[in-house]
Amino acid sequence: QLSKRLEKVASYVRAGSSVADIGSDHAYLPVHLVSRGIARRAIAGEVNKGPLTTAIKQIKKNNLEAKIHAKLGNGLEVIEGEEVDTVTICGMGGPLISQILEEGKGELSNVSRLILQPNIAADHVRRFLLNNQWELKDESILKEDGHIYEILMAEKGKPLVAYSDDLEKELWLGPFLLKKKSPEFMEKWSKELEQLEIIYEKLNEAAPTEELMDKRESVKRKMDWLKEVLK
Ligand code: SAM
């Protein structure tokens, strides 16, 4: 049984795709996609040998060796010379996902869809997309086992389409998620506002160096955004 989180990721994969799942670990996602006939074939990429071994076992257990290729390699280097149209990167922090994309940009020329699930700091991923001609097409947010997850889907195209003039705010909160304001979204950002209020109090108590003043300004701006959004 696939997690609700990976199930949502799978829902963004087009029928007949050739998928590379980067940081695949147990290869649950590629096994699901290929065994259900959603993906034609898949690569399970892993930088660490332990998880790669787990992936290989899982692929064998499902008799999918002919269609899923487990490969050891850093980030997108596993798609070099392969025919891949969709890349999934899930269960890592936003900074690591955007670093993997940045370092492997050259491998993305035949890729037409990215499905990305940052555990934290999705703004880093949105910023990468914006700066690299990837159009954010949809976003989802869901809660599973007490965690709230965001999933971003992008295609090659016009990077600014999803955003309004409030670019910084929307890069942080997600333009689609912000429009929808689902209960999960409201829960996530209410908690964030509480945290920011505590930080702001502490910054006000400290001696006002220039650096602290800048930090305070930035925290205040975010608090104002959230108060407006959560109204
Ligand atoms: N994608 C799966 C999921 O969402 O359930 C597994 C997520 S697991 C927390 C992260 C995996 O990414 C680990 O198995 C780790 O070895 C792998 N990883 C981290 N950095 C990587 C990189 N640069 N290239 C490939 N895999 C990486």
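The values are calculated or read from the model by the stated rules, or taken from the named source; none is laboratory data. Note that the structure is a prediction, hence the values are computed from the model and not measured. Reconstructed Cβ throughout: ideal geometry from the backbone, glycine too, with neighbour counts over all protein chains shown.
Can you tell me which of (1) more than 12 Å from the ligand (Cβ to nearest atom); (2) in a helix (DSSP H, G or I); (3) touching a Pro at 6+ places or on another chain (Cβ under 9 Å) is the one LEU64 doesn't meet?
In the conditions (1) more than 12 Å from the ligand (Cβ to nearest atom); (2) in a helix (DSSP H, G or I); (3) touching a Pro at 6+ places or on another chain (Cβ under 9 Å), LEU64 misses (2) alone.
Every residue in segment 192-214 that is aliphatic (A, V, I, L, M), in a helix (DSSP H, G or I) and more than 20 Å from ALA121 (Cβ to Cβ), please.
LEU203, LEU212, MET213
With the requirement that a residue be more than 15 Å from the ligand (Cβ to nearest atom) and assigned to a strand (DSSP E or B), what does segment 7-35 give you? It would help to see each step written out before you state the result.
Let us first name the residues in segment 7-35 that are more than 15 Å from the ligand (Cβ to nearest atom), namely 14-18, 34-35.
Answer for segment 7-35, where residues must be more than 15 Å from the ligand (Cβ to nearest atom) and assigned to a strand (DSSP E or B): SER17, SER18.
May I ask you to list pairs of residues, at least six apart or on different chains, whose Cβ atoms are under 7 Å apart, with the first in segment 159-184 being closer than 22 Å to LEU114 by Cβ and the second being of a type in the set (S, T, N, Q)?
PRO159/GLN133; GLU170/SER164
Restricting segment 36-48 to residues that are within 16 Å of the ligand (Cβ to nearest atom) and farther than 12 Å from ASP25 by Cβ, which is surrounded by the fewest Cβ atoms within 10 Å (Cβ to Cβ)?
Start the filter on segment 36-48 by keeping residues that are within 16 Å of the ligand (Cβ to nearest atom), which leaves 39, 42-48.
In the following step, the residues that additionally are farther than 12 Å from ASP25 by Cβ were identified as 39, 42-43.
Values: ALA39: 26, ALA42: 30, ILE43: 23.
Here the residue is ILE43.
Would a scan of segment 79-101 turn up a residue that is in contact with a Gly (Cβ under 7 Å, 6 or more places away or on another chain), in a helix (DSSP H, G or I) and without any contact (Cβ under 8 Å) to a residue 40 or more places away in the chain?
Within segment 79-101 (the criterion being in contact with a Gly (Cβ under 7 Å, 6 or more places away or on another chain), in a helix (DSSP H, G or I) and without any contact (Cβ under 8 Å) to a residue 40 or more places away in the chain), the answer is no, since none of the residues qualifies.
For segment 131-146, indicate whether the set of residues that are modelled with pLDDT of 95 or more and in a helix (DSSP H, G or I) is non-empty.
Within segment 131-146, one or more residues are modelled with pLDDT of 95 or more and in a helix (DSSP H, G or I).
Could you tell me how many of the residues in segment 9-32 are surrounded by 19 or more Cβ atoms within 10 Å (Cβ to Cβ) and among the charged types (D, E, K, R)?
1
Report yes if LEU177 is within 23 Å of the chain's Cα centre (by Cα), assigned to a helix (DSSP H, G or I) and either among the hydrophobic types (A, V, I, L, M, F, W, C) or assigned by TED's automatic domain parsing to the domain that holds HIS124 (or both), otherwise no.
Yes; evaluated as a whole, the condition is true for this residue.
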